[in-house]
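Q: Next up is a structure, given as C-alpha coordinates.
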Amino acid sequence: MASTYSTDLSLELVATGEKAGLWGTITNTNLQLLQQAVSGYVEVTLSSGTTTLSLADGSASANGKNLYIKVVGTLSGNASLAMPASTTGGNANRVFFVEDGTTRGGAGDSYTVTLLTTGQSASTQVPLPEGATALVYSRGSVPATSLGMLQKGFTTVTAASKTAYTAVPGDQIGVDTVANIVTITLPAGSVGDEIIIMDISASNGFATNKCVVAPNGSENIQGSNSSIDLTTNNQSVTLFYTGASKGWQFKTNTA
(Lines give C-alpha, C1' and ligand atoms only; values in the text may rest on other atoms or scores of the structure.)
Protein backbone atom coordinates (compact mmCIF):
# COMPACT_ATOMS: atom_id res chain seq x y z
CA MET A 1 0.00 0.00 0.00
CA ALA A 2 1.46 3.40 -0.98
CA SER A 3 2.08 6.27 1.40
CA THR A 4 -0.69 8.80 2.02
CA TYR A 5 -0.30 12.43 3.10
CA SER A 6 -1.75 14.39 6.00
CA THR A 7 -4.30 17.10 5.34
CA ASP A 8 -2.72 20.32 6.62
CA LEU A 9 1.06 19.94 6.18
CA SER A 10 1.23 17.07 3.69
CA LEU A 11 3.36 14.94 6.01
CA GLU A 12 4.11 11.55 4.47
CA LEU A 13 2.19 8.80 6.27
CA VAL A 14 3.90 5.51 5.55
CA ALA A 15 1.72 2.43 5.27
CA THR A 16 2.59 -0.55 7.49
CA GLY A 17 5.29 -2.64 5.85
CA GLU A 18 6.10 -0.08 3.17
CA LYS A 19 9.24 1.99 2.41
CA ALA A 20 11.78 -0.42 3.86
CA GLY A 21 15.09 1.34 4.44
CA LEU A 22 13.53 4.80 3.89
CA TRP A 23 11.91 5.40 7.25
CA GLY A 24 14.81 7.49 8.51
CA THR A 25 14.69 9.89 5.56
CA ILE A 26 10.90 10.17 5.61
CA THR A 27 10.80 10.71 9.39
CA ASN A 28 13.49 13.42 9.23
CA THR A 29 11.59 15.23 6.45
CA ASN A 30 8.38 15.07 8.47
CA LEU A 31 10.20 16.50 11.50
CA GLN A 32 11.51 19.36 9.34
CA LEU A 33 7.98 20.10 8.17
CA LEU A 34 6.72 20.14 11.76
CA GLN A 35 9.56 22.52 12.64
CA GLN A 36 8.52 24.85 9.80
CA ALA A 37 4.92 24.84 11.04
CA VAL A 38 6.02 25.69 14.59
CA SER A 39 8.80 28.21 13.97
CA GLY A 40 9.64 28.42 10.25
CA TYR A 41 10.36 31.78 8.54
CA VAL A 42 10.37 32.46 4.81
CA GLU A 43 10.42 35.53 2.56
CA VAL A 44 8.19 35.55 -0.52
CA THR A 45 8.66 38.13 -3.27
CA LEU A 46 5.57 39.79 -4.69
CA SER A 47 5.33 41.92 -7.82
CA SER A 48 1.75 41.94 -9.11
CA GLY A 49 -1.07 39.46 -9.53
CA THR A 50 -1.42 36.35 -7.36
CA THR A 51 1.52 34.44 -5.90
CA THR A 52 0.46 31.02 -4.62
CA LEU A 53 2.30 29.36 -1.75
CA SER A 54 3.19 25.66 -1.88
CA LEU A 55 1.96 22.82 0.30
CA ALA A 56 3.58 20.16 -1.90
CA ASP A 57 3.39 16.61 -0.54
CA GLY A 58 6.36 15.65 1.61
CA SER A 59 8.39 18.72 0.57
CA ALA A 60 10.56 20.46 3.18
CA SER A 61 11.02 23.39 0.77
CA ALA A 62 7.29 24.09 0.38
CA ASN A 63 7.02 27.74 1.51
CA GLY A 64 3.35 27.57 2.60
CA LYS A 65 4.25 25.30 5.52
CA ASN A 66 6.14 28.03 7.40
CA LEU A 67 4.64 29.74 10.44
CA TYR A 68 5.93 33.23 9.58
CA ILE A 69 5.86 34.61 6.04
CA LYS A 70 7.31 38.02 5.13
CA VAL A 71 6.26 39.41 1.76
CA VAL A 72 8.92 41.55 0.08
CA GLY A 73 9.63 43.13 -3.30
CA THR A 74 8.71 46.31 -5.18
CA LEU A 75 5.12 46.13 -6.39
CA SER A 76 4.29 46.93 -10.00
CA GLY A 77 0.55 46.39 -9.47
CA ASN A 78 -1.94 45.08 -6.92
CA ALA A 79 -0.67 41.80 -5.48
CA SER A 80 -2.15 38.84 -3.61
CA LEU A 81 -0.68 35.99 -1.59
CA ALA A 82 -2.69 32.76 -1.79
CA MET A 83 -2.62 29.74 0.53
CA PRO A 84 -3.72 26.52 -1.24
CA ALA A 85 -7.20 25.38 -0.26
CA SER A 86 -6.27 21.71 -0.15
CA THR A 87 -3.57 19.07 -0.27
CA THR A 88 -3.68 15.47 -1.45
CA GLY A 89 -5.16 14.61 1.96
CA GLY A 90 -8.09 17.05 1.71
CA ASN A 91 -8.93 20.59 2.79
CA ALA A 92 -5.89 22.27 4.35
CA ASN A 93 -6.15 24.33 7.55
CA ARG A 94 -3.27 26.75 8.17
CA VAL A 95 -2.69 29.43 10.83
CA PHE A 96 0.23 31.69 9.92
CA PHE A 97 1.68 35.18 10.32
CA VAL A 98 2.22 37.53 7.38
CA GLU A 99 4.45 40.62 7.62
CA ASP A 100 4.40 43.27 4.92
CA GLY A 101 7.88 44.31 3.79
CA THR A 102 6.95 45.36 0.26
CA THR A 103 7.66 48.69 -1.41
CA ARG A 104 4.43 50.06 -2.80
CA GLY A 105 4.05 52.58 -5.60
CA GLY A 106 1.25 53.46 -7.94
CA ALA A 107 0.33 56.54 -9.91
CA GLY A 108 -1.94 58.66 -7.74
CA ASP A 109 -2.55 55.84 -5.25
CA SER A 110 -0.76 52.88 -3.68
CA TYR A 111 -0.85 49.26 -4.81
CA THR A 112 -2.50 46.85 -2.42
CA VAL A 113 -1.60 43.47 -0.92
CA THR A 114 -4.34 40.98 -0.05
CA LEU A 115 -4.26 37.52 1.53
CA LEU A 116 -6.56 34.70 0.48
CA THR A 117 -7.28 31.01 0.26
CA THR A 118 -7.06 29.79 -3.34
CA GLY A 119 -10.41 30.36 -5.04
CA GLN A 120 -11.55 33.05 -2.59
CA SER A 121 -13.39 35.97 -4.17
CA ALA A 122 -11.76 39.39 -4.24
CA SER A 123 -14.51 40.93 -2.09
CA THR A 124 -13.68 38.73 0.94
CA GLN A 125 -9.87 38.69 0.74
CA VAL A 126 -7.91 39.93 3.76
CA PRO A 127 -6.22 43.31 3.15
CA LEU A 128 -2.68 43.66 4.50
CA PRO A 129 -2.00 47.33 5.31
CA GLU A 130 1.38 48.74 4.38
CA GLY A 131 3.97 47.76 7.01
CA ALA A 132 1.52 45.65 9.02
CA THR A 133 1.80 42.15 10.48
CA ALA A 134 -1.33 40.00 10.62
CA LEU A 135 -2.34 36.58 11.92
CA VAL A 136 -4.34 34.71 9.27
CA TYR A 137 -6.43 31.55 9.29
CA SER A 138 -6.87 29.71 5.99
CA ARG A 139 -9.56 27.04 6.16
CA GLY A 140 -9.68 25.16 2.91
CA SER A 141 -13.05 25.72 1.28
CA VAL A 142 -13.88 28.53 3.76
CA PRO A 143 -12.48 31.99 2.86
CA ALA A 144 -9.31 33.08 4.65
CA THR A 145 -9.91 35.38 7.60
CA SER A 146 -7.76 37.65 9.73
CA LEU A 147 -7.41 36.66 13.39
CA GLY A 148 -6.13 40.12 14.29
CA MET A 149 -3.63 42.83 13.41
CA LEU A 150 -0.60 42.18 15.60
CA GLN A 151 1.25 45.26 14.42
CA LYS A 152 -0.46 48.06 12.59
CA GLY A 153 1.40 49.52 9.67
CA PHE A 154 1.93 53.17 8.79
CA THR A 155 1.69 54.74 5.37
CA THR A 156 2.46 58.33 4.40
CA VAL A 157 0.49 60.26 1.79
CA THR A 158 2.41 63.37 0.71
CA ALA A 159 0.57 65.84 -1.52
CA ALA A 160 3.74 66.77 -3.37
CA SER A 161 3.70 63.34 -5.01
CA LYS A 162 0.25 61.88 -4.29
CA THR A 163 -3.08 63.62 -3.77
CA ALA A 164 -5.34 60.56 -3.46
CA TYR A 165 -5.19 57.35 -1.47
CA THR A 166 -7.66 54.50 -1.04
CA ALA A 167 -7.48 53.19 2.52
CA VAL A 168 -7.77 49.58 3.65
CA PRO A 169 -9.08 48.41 7.04
CA GLY A 170 -6.33 48.70 9.66
CA ASP A 171 -4.53 51.58 7.94
CA GLN A 172 -2.74 54.28 9.92
CA ILE A 173 -2.26 57.14 7.47
CA GLY A 174 -0.01 60.16 7.94
CA VAL A 175 -1.17 62.91 5.56
CA ASP A 176 1.10 65.76 4.47
CA THR A 177 -0.92 68.53 2.78
CA VAL A 178 1.96 71.01 2.55
CA ALA A 179 1.56 71.22 -1.25
CA ASN A 180 -2.07 70.41 -1.99
CA ILE A 181 -5.40 68.99 -0.83
CA VAL A 182 -5.38 65.21 -0.25
CA THR A 183 -8.39 62.90 -0.59
CA ILE A 184 -8.56 59.69 1.45
CA THR A 185 -11.25 57.31 0.16
CA LEU A 186 -12.61 54.87 2.72
CA PRO A 187 -13.04 51.19 1.81
CA ALA A 188 -15.97 48.86 2.25
CA GLY A 189 -15.87 47.84 5.89
CA SER A 190 -16.74 45.07 8.30
CA VAL A 191 -18.01 45.88 11.79
CA GLY A 192 -15.01 46.60 14.00
CA ASP A 193 -12.66 47.84 11.26
CA GLU A 194 -10.64 50.95 12.10
CA ILE A 195 -8.73 53.54 10.10
CA ILE A 196 -6.60 56.36 11.55
CA ILE A 197 -5.89 59.59 9.63
CA MET A 198 -3.51 62.23 11.02
CA ASP A 199 -1.96 65.53 9.92
CA ILE A 200 1.84 65.18 9.72
CA SER A 201 2.48 68.34 7.66
CA ALA A 202 5.60 70.27 8.63
CA SER A 203 3.78 73.44 7.50
CA ASN A 204 0.56 74.33 5.62
CA GLY A 205 -1.37 71.57 7.38
CA PHE A 206 -5.06 70.73 7.22
CA ALA A 207 -6.06 74.35 7.97
CA THR A 208 -4.30 75.50 4.77
CA ASN A 209 -4.91 72.48 2.52
CA LYS A 210 -7.69 70.28 3.81
CA CYS A 211 -7.82 66.49 3.92
CA VAL A 212 -11.00 65.16 2.34
CA VAL A 213 -12.38 61.90 3.78
CA ALA A 214 -14.56 60.41 1.05
CA PRO A 215 -16.98 57.45 0.98
CA ASN A 216 -16.33 54.74 -1.59
CA GLY A 217 -19.74 55.05 -3.21
CA SER A 218 -21.48 52.29 -1.28
CA GLU A 219 -20.56 52.97 2.36
CA ASN A 220 -21.77 55.87 4.50
CA ILE A 221 -19.80 58.18 6.75
CA GLN A 222 -21.83 59.07 9.83
CA GLY A 223 -25.00 57.95 8.08
CA SER A 224 -24.50 59.94 4.88
CA ASN A 225 -22.81 59.09 1.61
CA SER A 226 -20.99 62.42 1.59
CA SER A 227 -17.40 63.51 2.08
CA ILE A 228 -16.16 65.13 5.29
CA ASP A 229 -13.36 67.73 5.37
CA LEU A 230 -10.61 67.76 7.99
CA THR A 231 -9.55 71.41 8.35
CA THR A 232 -7.67 71.70 11.65
CA ASN A 233 -3.88 71.62 11.87
CA ASN A 234 -2.46 68.63 13.78
CA GLN A 235 -5.83 66.91 13.61
CA SER A 236 -5.99 63.15 14.15
CA VAL A 237 -9.15 61.07 13.68
CA THR A 238 -10.05 57.42 14.15
CA LEU A 239 -12.89 56.01 12.07
CA PHE A 240 -14.73 52.89 13.19
CA TYR A 241 -17.02 50.86 10.93
CA THR A 242 -20.37 50.26 12.65
CA GLY A 243 -22.50 48.70 9.89
CA ALA A 244 -24.44 49.58 6.76
CA SER A 245 -26.71 52.25 8.29
CA LYS A 246 -24.21 54.65 9.89
CA GLY A 247 -21.18 53.24 8.08
CA TRP A 248 -17.91 54.79 9.23
CA GLN A 249 -18.22 56.73 12.49
CA PHE A 250 -15.66 59.04 14.07
CA LYS A 251 -14.47 57.17 17.15
CA THR A 252 -12.19 60.08 18.02
CA ASN A 253 -11.79 63.53 16.53
CA THR A 254 -9.03 65.57 18.11
CA ALA A 255 -6.93 68.62 17.31
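Q: Can you tell which of Lys162, Lys246, Lys251 is in contact with a Leu (Cβ under 9 Å, 6 or more places away or on another chain) and of a type in the set (D, E, K, R)?
A: Lys251
Q: Kindly provide the set of residues from the stretch 41-63 that are buried (at least 16 other Cβ atoms within 10 Å of the Cβ), in a strand (DSSP E or B) and not β-branched (Val, Ile, Thr), ordered by number.
A: Result: no residue meets the conditions.
Q: If I ask for residues that are free of Cβ contacts under 8 Å to residues at least 60 places away in the same chain and over 19 Å from Leu186 (Cα atoms), which ones from the stretch 117-128 would you list?
A: Selection gives Thr117, Gly119, Gln120, Ser121.
Condition check ((1) touching a Ser or Thr at 6+ places or on another chain (Cβ under 8 Å); (2) touching a residue at least 60 places away in the same chain (Cβ under 8 Å); (3) within 23 Å of Ser123 (Cα to Cα)) across all residues:
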residue	(1), (2), (3)
Asp171	yes, no, yes
Val182	yes, no, no
Met198	yes, no, no
Ser203	no, no, no
Cys211	yes, no, no
Ala214	yes, no, yes
Ser218	no, no, yes
Ile228	no, no, no
Asn234	no, no, no
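Q: Which residue out of Gly131, Gly148, Gly153, Gly140 is at positive phi and in contact (Cβ under 8 Å) with a residue 40 or more places away in the chain?
A: Only one candidate passes the filter, namely Gly140.
Q: When the residues of the stretch 22-76 are filtered to those that are of a type in the set (Gly, Ala, Ser) and in contact (Cβ under 8 Å) with a residue 40 or more places away in the chain, which remaining residue is nearest to Ser110 (Cα to Cα)?
A: Ser48
Q: Sticking with this one: Is the stretch 23-42 home to any residue that is in the same structural domain as Gly131 (by TED's automatic domain parsing), in contact with a Ser or Thr (Cβ under 8 Å, 6 or more places away or on another chain) and within 30 Å of Lys162 (Cβ to Cβ)?
A: Checked against the condition, which is being in the same structural domain as Gly131 (by TED's automatic domain parsing), in contact with a Ser or Thr (Cβ under 8 Å, 6 or more places away or on another chain) and within 30 Å of Lys162 (Cβ to Cβ), the stretch 23-42 yields no hits at all.
Q: Turning to a different aspect of this structure: What about Glu12, is it in contact with a helix residue (DSSP H, G or I) (Cβ under 6 Å, 6 or more places away or on another chain) and within 30 Å of Val71 (Cα to Cα)?
A: Taking the combined requirement at face value, the residue satisfies it.
Q: Looking at Ser76, Ser80, can you tell me which residue is in the same structural domain as Val136 (by TED's automatic domain parsing), within 30 Å of Ala159 (Cβ to Cβ) and modelled with pLDDT of 95 or more?
A: Ser80
Q: Evaluate the following for Thr25: is it of a type in the set (S, T, N, Q), part of a loop (DSSP other than H, G, I, E, B) and exposed (fewer than 13 other Cβ atoms within 10 Å of the Cβ)?
A: In short, no.
The values are calculated or read from the model by the stated rules, or taken from the named source; none is laboratory data. Since the structure is predicted, the reported quantities are computational estimates derived from the model, not experimental observations. Here Cβ is always computed from backbone atoms with ideal geometry, including for glycine, and neighbour counts include all displayed protein chains.
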